[in-house]
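A quick write-up on the structure given underneath.
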Amino acid sequence: MKPVHIRRALALALAKPLEEKPLEEKLAASIAISQVLEEITEMWCQWRRQKLPLYLFLAMCFNLVVAPMVYAATGEQLSRSQSWGLGLLGLVTLGLSIYLFFVMFVPEKF
């Protein structure tokens, strides 16, 4: 399924609540959602071979949650880009410390 079709299917599925739609639209929405889930599953299977892009993507998504908290905790003294960078730096530091912890205590795996 092409990205244009995915966007159209999601727009159709999210346009109205399911209770207000006729049967054909409900069926089309459920088919569209199942196709989107199939695409996500296929991407997940492909990303299992290449883990670094997946980890970077997940870190950036998690930073979408962390950066506003950093921005709010500083009393808006930092700019949004600075809080984004500070959140990313914190995630990298946390990831590196977890990695080094495992390297120190389970060295035979590495």
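Note on region 51-109: the alpha carbon radius of gyration divided by the globular reference 2.2 N^0.38 Å gives 1.36.
Counted residue by residue at 0.36 nm each, then reduced by the alpha carbon distance between them, the extension gain from LEU56 to PHE102 reaches 14.6 nm. Computed FRET efficiency, Cβ-Cβ of ILE40 and VAL92, R0 25 Å: what is it to the nearest 0.05? For ILE40 and VAL92, the calculated efficiency is 0.40.
Since every read-out is calculated from the coordinates, none of them should be taken as a lab result. Here the structure is a predicted model, which means the values were calculated and not measured. Quick reminder, even Gly has a Cβ in these numbers, built from the backbone with ideal geometry, and neighbours come from all protein chains shown.
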